[in-house]
Amino acid sequence: MKFKGAKGMLILFCLIVMLAAYYCYLSNRNIPVKDENEVISKVQEVLARDLSRNYPATPKEVLKYYSELTQCFYNEEYTDQELAELSDKAIEMYDDELANAKSREEYLRDLKKDIADFEKDDIVISSYKVSNSTDVEYFTKDGRDCASLYCTYTLRKGTNLQATEEVFVLRKDDKGHWKILGFDVVKDNGDQE
């Protein structure tokens with residue numbers, strides 16, 4: 001590009017000033033930098049799962065996610081809003097028959113009472129183990145696909161550990177999702193309470 005005379009020098013000077021100003025703007029603007037060391041909490045991790053697009057495919061996976069929710073209830077720190085969201089996720093895992101047994105408010109109230117009891121007794125859910133996929137019992141009841149499987153929760157109170165086994169019954173809904181129909185604690189002799 002050729003510039004002749006004063007007019008050309010003025011245009012060239014204006015271009016240089018505009019480029020310098022743009023460079024200063026880019027260099028000095030504050031771009032929020034995401035902290036790569038930022039750790040999300042277990043509660044945030046569990047809440048991040050979008051069940052409408054990423055629902056667990058098998059009874060075992062449903063029970064694993066439900067157990068993660070349960071650990072969050074009794075082990076983690078969270079806000080009231082996060083507790084409400086966690087309880088909504090749990091209800092979303094329930095079969096309509098179980099979900100409709102209590103209102104959302106009743107469920108949340110009862111859950112808060114259970115959590116308070118665990119905190120008062122200084123109990124946490126140390127770990128859980130879901131039945132192997134080969135141990136899931138599939139059956140049909142009233143023309144609907146159902147499954148039964150076990151989960152063992154290890155509870156810790158201080159330094160004492162105690163295992164409690166629960167049996168879960170799941171039923172497929174109209175969308176083909178396995179939903180928790182019910183659960184019960186298994187007594188030492190194999191019977192349900």
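The values are calculated or read from the model by the stated rules, or taken from the named source; none is laboratory data. Quick caveat: nothing in here was measured; it's all calculated off a predicted structure. For neighbour counting, all protein chains shown are included, and Cβ atoms are generated from backbone atoms with ideal geometry for every residue, glycine included. SASA here: full protein model, heavy atoms, side chains in, ligands and nucleic acids out. Shrake-Rupley method; radii C 1.70, N 1.55, O 1.52, S 1.80 Å.
Would you confirm, using the coordinates I've provided, whether Tyr74 is modelled with pLDDT of 90 or more and in contact with a Phe, Trp or Tyr (Cβ under 9 Å, 6 or more places away or on another chain)? I'd like the intermediate steps shown before the answer.
On the way: modelled with pLDDT of 90 or more: yes; in contact with a Phe, Trp or Tyr (Cβ under 9 Å, 6 or more places away or on another chain): yes.
Here the answer is yes, as Tyr74 does meet what is asked.
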May I ask you to verify whether Lys113 is of a type in the set (Lys, Arg) and either touching a helix residue (DSSP H, G or I) at 6+ places or on another chain (Cβ under 6 Å) or closer than 15 Å to Tyr66 by Cα (or both)?
-> no
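Only one of these is part of a helix (DSSP H, G or I), of a type in the set (S, T, N, Q) and either within 28 Å of Ala48 (Cα to Cα) or open to solvent by less than 80 Å² (accessible area, probe 1.4 Å) (or both): Ser148, Ser87. Name it.
Ser87
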Check on Asn54, open to solvent by 40 Å² or more (accessible area, probe 1.4 Å), at pLDDT below 90, more than 20 Å from Tyr153 (Cβ to Cβ) and not in a helix (DSSP H, G or I) | no
Any idea which residue in the range 27-46 is surrounded by the fewest Cβ atoms within 10 Å (Cβ to Cβ), counting only those that are at pLDDT 70 or above and among the aliphatic types (A, V, I, L, M)?
-> Val39
Evaluate the range 113-127: report whether one residue or more is under 25 Å from Arg53 (Cβ atoms), of a type in the set (A, V, I, L, M) and open to solvent by less than 80 Å² (accessible area, probe 1.4 Å).
-> no
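Looking at Leu161, is it farther than 28 Å from Asp96 by Cα, in contact with a strand residue (DSSP E or B) (Cβ under 9 Å, 6 or more places away or on another chain), open to solvent by 40 Å² or more (accessible area, probe 1.4 Å) and among the hydrophobic types (A, V, I, L, M, F, W, C)? Can you show your working first?
On the way: farther than 28 Å from Asp96 by Cα: yes; in contact with a strand residue (DSSP E or B) (Cβ under 9 Å, 6 or more places away or on another chain): yes; open to solvent by 40 Å² or more (accessible area, probe 1.4 Å): yes; among the hydrophobic types (A, V, I, L, M, F, W, C): yes.
Yes: the conditions hold for Leu161.
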If we keep only residues of the range 151-174 that are in contact (Cβ under 8 Å) with a residue 24 or more places away in the chain and not in a strand (DSSP E or B), then the residue nearest to the chain's Cα centre (by Cα) is Asp173
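Out of Asp135, Asp122, Asp80, report the one residue that is modelled with pLDDT under 95 and over 24 Å from Gln44 (Cα atoms).
Details: Asp122 fails: over 24 Å from Gln44 (Cα atoms); Asp80 fails: over 24 Å from Gln44 (Cα atoms).
None of the others qualify; the one that does is Asp135.
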